[in-house]
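Below is one structure, written out as structure tokens, with a few remarks after it.
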Amino acid sequence: MKNFIKLLFCMILVALSISLIYIGNGYNMYKTALKDMSIEEKIIDIKSKENYTKISELPQMYKDAVISVEDHRFYRHFGIDIIAIGRAVINDIKEMSFVEGGSTITQQLAKNIYFTQEKKMERKIAEVFMAFKIESKCSKDEILELYLNSSYFGDGCYTVKEASNKYFGKEPNNMSNSECIMLAGIPNAPSVYAPTKNPYLAKKRQKQVADKMVKYKYLTNEQANRILSLD
């Protein structure tokens, strides 16, 4: 029994030591990124885009769809979602791989504007530090606005305006409810869900987003079915 306790204690120490190394490396990555360009400078850079779209110019249906499918506790958390992270850790341990990230919209914004898409522990930790920093500098609406103007929607589109014009031939504020829901699902996997690449999978993803909107009370089943039937 004593030997087991000693072994367990040693394993905990090793795990803590490894964790501290990753946290230290992630923090250094975060500090280096900020040193290269501050958040204020990043915001100015993003807002200078030709096709930048203000959140006030986006349909409420689109904003609700994005929140539902990407981060339904967005307006209630402080940059990270502890519940989502816990669920992701459990699923990752089960699969022995990074199959789920649990990232919030704020974390995704941090990744989009500062880091690579590479799945590394140090990057995830740096992303968390950056998410806290972004939340301290920006309102929730501004974070959502910046996210929607720095995400990749496929087919060379990096803003919601570029995507709505590319896929539907419309300005964002003219998108139908059905188009809003479809567009909200694309950034998860643009090469898979872009309507120009695979209309069938784009429709399946649209249904997944609509189901999330029903789950989180943005739509009723009847409303969702009616919207999807209009395509």
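Where a number appears in this text, it was derived from the coordinates with a stated rule and is not lab data. Everything numeric in this text was worked out from a predicted model, so none of it was measured. Every residue, glycine as well, gets a Cβ built from its backbone with ideal geometry; the counts of neighbours run over all protein chains shown.
An oblate overall shape is assigned to segment 99-157, the ratio a/c of its alpha-carbon gyration tensor axes (a ≥ b ≥ c) being 1.5 or greater and a/b not exceeding b/c. Note on D141 and N225: the extension gain reaches 27.4 nm, defined as 0.36 nm multiplied by sequence separation minus the Cα-Cα distance. Where does the Debye-calculated log10 I(q)/I(0) of segment 59-229 sit at q = 0.20 Å⁻¹, using only Cα point scatterers of equal weight, no solvent? Each listed q corresponds, in turn, to -1.45. Label zone (I44, point 7 Å along Cα-to-C-beta; backbone nitrogen cut-off 19 Å) within segment 108-141: 113-114, 134, 137-139.
Karplus-derived 3J(HN,Hα) values for segment 173-188, using 6.51 cos²θ - 1.76 cosθ + 1.60 with θ = phi - 60°, are 6, 9, 5, 6, 4, 4, 5, 4, 5, 5, 5, 4, x, 5, x, 4 Hz; glycine and proline are entered as x.
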